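What follows is one structure encoded as structure tokens, with my remarks underneath.
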Amino acid sequence: MNRLEKLLRELCPDGVKVYSLSQVAHYAQKRIDASQVDETSYVGVENLLQNKQGKTTASSVPVVGAVIAFEAGDILIGNIRPYLRKIWLADCNGGTNGDVLAIQIEDKARLDPKFLYYVLSSEDFFLYDIQNSKGAKMPRGSKAAVLNYQVPIPPLPVQSEIVKILDNFTELTAELTAELTAELTARKKQYEYYRDKLLTFGVLERGTSDCVWRTLGETCHLKAGKAISAYEISSEKTPIYSVPCFGGNGLRGYVRTANQQGDKSIIGRQGALCGNVCYATGGYFATEHAIVVTDKGYFNSRFLYHVLVHKNLNQYKTAGAQPGLSVARLETISVPVPDMSIQNKIACVLDNFDTICASLTSGLPAEIEARQKQYEYYRDKLLTFEERT
């Protein structure tokens, strides 16, 4: 028998009594002048982080009027779009506004703030909050319904033991997430290092046998695709909308028919991500904001793709509110053209690296998600009690 089981058996053998939140807590009512808060102590709904990740520093702070005062130990919940699951256990005094619910405990000698925080961080609470929200475009949670939420309140020693266990789970999950993220970052840097080494060629005179440098315009045809209406593009692949559609920022969605064929690189030419490079095979659609690169016979298509990614084409964009890349500018960029046998070897090595990185990119986040779900499962189990009638 572990310590928690022992405490439950000793202190609440007949179960745990459940109370509505309004019986043990209330919304903060005190107001303070806006001059008493700054970017570190003001918490608006916009700087509460999604998915229970706490808060960040406020980007804007009211300078006149009054704000709702909260205290360390209060629980702040975003009341706009509750499906974003914004919640934070305050570690300081500060101020907020009406879009945030500041929940204050009536008696902290009876209810541990961190225990209540864990209860209100549960998926059960957020599903309840979502179900009771109103509004389609910008749903808002029901303050009355939140106060009616049923909260189990075991004796304080039980609460403390559960908080201790969940704090440990939280710390381990955070450590694992940091380690896996660092691993992914390290592998990407390793890939970029070897890619840069493999794609760094000396500038040789034209006509030498190892590697010459030519312009992209000399070696390839560059042509933008065709315009297509947004309603003709599906965000999801379906049996009808099965053809990949590439735009200025990469894969845009799926369409019915293709306007391009073959294994080619596609350069996004307009938007914040202009200069991004995708590799398309088979049939696909390129919009007017995507440039299709057709080799004139100089390249292994995968080698050319890696060269274009390595070139960081975004650096050649035009300045302005809507950055872009012109075909004329891209045609002037110099690219290495080594012997085809060298291209084949480099393409093979970099494709293998690509595969490894893609596996890590999908595998490590999946591992992080699995650990997070495991944590949430155990948290919900720890917060589920036999109710005392």
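The values are calculated or read from the model by the stated rules, or taken from the named source; none is laboratory data. Bear in mind that the values here come from a model prediction, so they are computed numbers and not experimental data. Here Cβ is always computed from backbone atoms with ideal geometry, including for glycine, and neighbour counts include all displayed protein chains. The accessibility values were calculated without ligands, DNA or RNA, using every heavy atom of the protein model including side chains. Shrake-Rupley method; radii C 1.70, N 1.55, O 1.52, S 1.80 Å.
Summary of computed values
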{"read-out": "Residue pairs meeting the criteria (Cβ under 7 Å; at least 6 apart or on separate chains; first without any contact (Cβ under 8 Å) to a residue 60 or more places away in the chain and among the small types (Gly, Ala, Ser), in segment 4-16; second surrounded by fewer than 13 Cβ atoms within 10 Å (Cβ to Cβ) and part of a helix (DSSP H, G or I))", "value": "none"}
{"read-out": "Tally of residues being open to solvent by 20 Å² or more (accessible area, probe 1.4 Å), outside any helix (DSSP H, G or I), farther than 13 Å from Val45 by Cα and not polar (S, T, N, Q) across segment 81-114", "value": "9"}
{"read-out": "Residue among Tyr298, Tyr316, Tyr284 that is hydroxyl-bearing (Ser, Thr, Tyr), within 29 Å of the chain's Cα centre (by Cα), at pLDDT 80 or above and open to solvent by 20 Å² or more (accessible area, probe 1.4 Å)", "value": "Tyr316"}
{"read-out": "Given (1) touching a Leu at 6+ places or on another chain (Cβ under 8 Å); (2) without any contact (Cβ under 8 Å) to a residue 60 or more places away in the chain, number of the condition Thr332 does not satisfy", "value": "(2)"}
{"read-out": "Pick from segment 270-281, criterion touching an Asp or Glu at 6+ places or on another chain (Cβ under 9 Å) and closer than 25 Å to Thr200 by Cα, ranking: surrounded by the most Cβ atoms within 10 Å (Cβ to Cβ)", "value": "Ala280"}
{"read-out": "Elements of type strands (runs of 3 or more DSSP E) in segment 1-80, at least 3 residues being open to solvent by less than 50 Å² (accessible area, probe 1.4 Å)", "value": "18-20, 66-70, 75-78"}
{"read-out": "Some residue of segment 202-214 being under 20 Å from Lys311 (Cα atoms), open to solvent by 50 Å² or more (accessible area, probe 1.4 Å) and assigned to a strand (DSSP E or B)", "value": "yes"}
{"read-out": "Unmet criterion (only one of (1) within 28 Å of the chain's Cα centre (by Cα); (2) in contact (Cβ under 8 Å) with a residue 12 or more places away in the chain) for Ala178", "value": "(2)"}
{"read-out": "Those residues of segment 120-144 which are open to solvent by less than 10 Å² (accessible area, probe 1.4 Å) and aliphatic (A, V, I, L, M), in sequence order", "value": "Leu120"}
